[in-house]
Amino acid sequence: MSDVNVTVTGTSIGVQVGPQSYYGSFYSTQDQTNAGATSVNKMTYNTTDFSNGVSIVSDSRITIANAGIYNIEFSAQLSKGDSGDDTIQIWLCKNGSNMANSNTEVTLVGNNGKHLASWNWFVNAAAGDYFEICWHSSDTAVSIDYQAAATTPTRPAIPSVILTVNKVG
């Protein structure tokens, strides 16, 4: 049997037959600094491109309105402001608790090293669940950086973090 969604607005009735599509596209136009060598940092988002059933709450909480299987995908512009090699770990939390086996470590190499971290997780969400992308580095010079638009040639800005969320099942 197909999903049927009915909406009523004033004197209008809308009907959608088939699975409802839930999604969100978000990004950040702010630098995200390391709060300290023993701190857990959370990626934040200050701009919503578009969304339906997925929202950002309290700057970092990816909040799911409808139960299902979701693909959470991000890219982050990692940077370090000193010499040497430094690591950063990135993992997923669900409703405030670390998700088992979701952590990955990236090494930033050399003076002012940069790296693009980009991967995804498939998650099982109940209505009202929230997820956060957390990160840690013992070096406080590690950050996630925003870059403004550039000229000669003209180029768009680089968000510090880009996040997309799609219901896949």
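The values are calculated or read from the model by the stated rules, or taken from the named source; none is laboratory data. Because the structure is predicted, anything quoted here is derived from the model rather than measured. Cβ sites come from the backbone with ideal geometry, for glycine too, and all protein chains shown count toward neighbours. To get the accessible areas, we keep the full protein, side chains included, count just its heavy atoms, and leave off ligands, DNA and RNA. Shrake-Rupley method; radii C 1.70, N 1.55, O 1.52, S 1.80 Å.
Would you mind stating whether LEU92 is under 19 Å from SER55 (Cβ atoms), touching a residue at least 40 places away in the same chain (Cβ under 8 Å), part of a strand (DSSP E or B) and in contact with a Gly (Cβ under 9 Å, 6 or more places away or on another chain)?
No; evaluated as a whole, the condition is false for this residue.
Cβ-Cβ distance below 9 Å, separation of 6 or more or different chains: which pairs start in the stretch 23-47 with a residue that is part of a loop (DSSP other than H, G, I, E, B) and end on one that is surrounded by 20 or more Cβ atoms within 10 Å (Cβ to Cβ) and aromatic (Phe, Trp, Tyr)?
Short answer, once both residue conditions are applied: ASN34/TRP135; VAL40/TRP135; MET43/PHE74; MET43/TRP135; TYR45/PHE26; TYR45/TYR27; ASN46/PHE26; ASN46/TYR27.
Filter the stretch 97-118 down to the residues that are in contact (Cβ under 8 Å) with a residue 12 or more places away in the chain and within 17 Å of ASN41 (Cβ to Cβ) and list them by number. Working first, answer last.
We begin by selecting, within the stretch 97-118, every residue in contact (Cβ under 8 Å) with a residue 12 or more places away in the chain; these are 98-99, 102-118.
Once the filter is applied, which keeps residues that are in contact (Cβ under 8 Å) with a residue 12 or more places away in the chain and within 17 Å of ASN41 (Cβ to Cβ), the stretch 97-118 yields ASN98, MET99, SER102, ASN103, THR104, GLU105, VAL106, LEU108, HIS115, ALA117.
Right, SER118: open to solvent by less than 50 Å² (accessible area, probe 1.4 Å) and not aromatic (Phe, Trp, Tyr) or not?
On the way: open to solvent by less than 50 Å² (accessible area, probe 1.4 Å): no; not aromatic (Phe, Trp, Tyr): yes.
The answer is no for SER118.
Looking only at the stretch 69-89, count every residue that is open to solvent by 30 Å² or more (accessible area, probe 1.4 Å) and part of a strand (DSSP E or B) and tell me the total. Working first, answer last.
Step one: of the stretch 69-89, the residues open to solvent by 30 Å² or more (accessible area, probe 1.4 Å) are 69, 73, 77, 81-85, 87, 89.
Keeping just the survivors that are part of a strand (DSSP E or B) gives 69, 73, 77, 87, 89.
Residues in the stretch 69-89 being open to solvent by 30 Å² or more (accessible area, probe 1.4 Å) and part of a strand (DSSP E or B): 5 in total.
Quick one: which residue in ASN95, ASN41, ASN71 is at positive phi, polar (S, T, N, Q) and at pLDDT 95 or above?
ASN95
State which residue pairs qualify: first residue in contact (Cβ under 8 Å) with a residue 24 or more places away in the chain and inside the stretch 124-151, second residue exposed (fewer than 11 other Cβ atoms within 10 Å of the Cβ) and assigned to a strand (DSSP E or B) in any location, beta carbons under 7 Å apart, and separation of 6 or more residues or different chains.
Listed by first residue and then by second, the contacts come to TYR130/VAL57.
Here are some conditions: (1) open to solvent by less than 60 Å² (accessible area, probe 1.4 Å); (2) at pLDDT 95 or above. ASN46 meets all but one. Which one does it not meet?
Checking ASN46 against (1) open to solvent by less than 60 Å² (accessible area, probe 1.4 Å); (2) at pLDDT 95 or above, the one that fails is (1).
Of the residues THR164, THR107, which single one is of a type in the set (S, T, N, Q), assigned to a strand (DSSP E or B) and within 14 Å of the chain's Cα centre (by Cα)? Before you say what the answer is, go through the steps one by one.
Details: THR107 fails: within 14 Å of the chain's Cα centre (by Cα).
Being of a type in the set (S, T, N, Q), assigned to a strand (DSSP E or B) and within 14 Å of the chain's Cα centre (by Cα) holds for just one of THR164, THR107, which is THR164.
Which of the residues belonging to the stretch 121-163 are surrounded by fewer than 20 Cβ atoms within 10 Å (Cβ to Cβ), closer than 29 Å to ASN95 by Cβ and polar (S, T, N, Q)?
ASN124, SER138, THR140
So, in the stretch 95-104, how many residues would count as being open to solvent by less than 80 Å² (accessible area, probe 1.4 Å) and assigned to a strand (DSSP E or B)?
The total comes to 2.
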